[in-house]
1. For the range 77-166, how big is Rg over Rh, using alpha carbon atoms and the Kirkwood form of Rh?
2. Net charge around GLN164, counting only other residues with Cβ within less than 11 Å of its Cβ (Lys, Arg = +1; Asp, Glu = -1)?
3. Relative contact order, percent, of the range 77-166 when contacts are C-alpha pairs under 8 Å separated by at least 6 residues?
4. Go through HIS113, TYR148, LEU130 and say which Cα lies farthest out towards the positive end of the charge dipole of the range 77-166; charges sit on Cβ, +1 for Lys and Arg, -1 for Asp and Glu.
Amino acid sequence: MTQFHVDPATGRRFYVDPATGRSHWEHETASPNPYATQGFSQQHAASPTQLSRPLAAGAPDSAMGHPTQLYRFDGGAASYFGVALLAFLVTVFSLGLLLPLAVVMQYSWRAEHTWLYGRRLRFTGSALELFGHWLAMWVLCLITFGIYSFWVVPRITKWAVEHQQFA
């Protein structure tokens with residue numbers, strides 16, 4: 001059975017062909033070379049993360065006649081180095097007290113440089129909100145002699161994912 005996904009920008013349904021990893025709109029039929037009829041060359045369709053047609057008008061790659069990517073990341077080493085260095089310094093000079101601020105800075109940077117369905121993501125979490133969770137996790141790790149630390153990363157990741165939305 002085909003599992004359909006919905007493009008949030010247009011409301012149109014599409015599915016991912018498991019054999020090729022390519023996405024197709026609901027009304028399309030699979031053909032041996034779906035790019036030949038759409039004017040896309042094989043080199044533009046090399047990545048399984050690209051869609052066979054643009055998802056949303058005004059999406060970053062659609063203006064150039066190339067298929068829009070399902071997801072894209074445009075962050076670079078220079079901007080990440082600045083964020084990582086600042087997060088490290090904040091954590092060290094506060095003796096770990098401001099670790100939630102450092103975590104929020106890094107998640108914000110990741111979200112700002114991530115595109116999904118042709119739309120940029122935004123991180124809405126705050127360091128103050130994470131501080132309460134972090135304090136509880138720290139106490140639980142202390143009480144359980146570190147055993148609870150295996151639950152810390154998944155909990156923080158879940159919190160971070162729940163605090164992302166389209167910009």
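Only the coordinates and a few stated rules stand behind these numbers; no lab work does. Keep in mind that what you see is a predicted model, and the values were worked out from it rather than measured. Virtual Cβ from ideal backbone geometry, glycine too; neighbours counted across all protein chains shown.
1. Rg/Rh for the range 77-166 comes to 1.01.
2. So the environment of GLN164 carries a net charge of +1.
3. Relative contact order, the range 77-166: 25 percent.
4. Of the candidates, HIS113 comes out farthest on the positive side.
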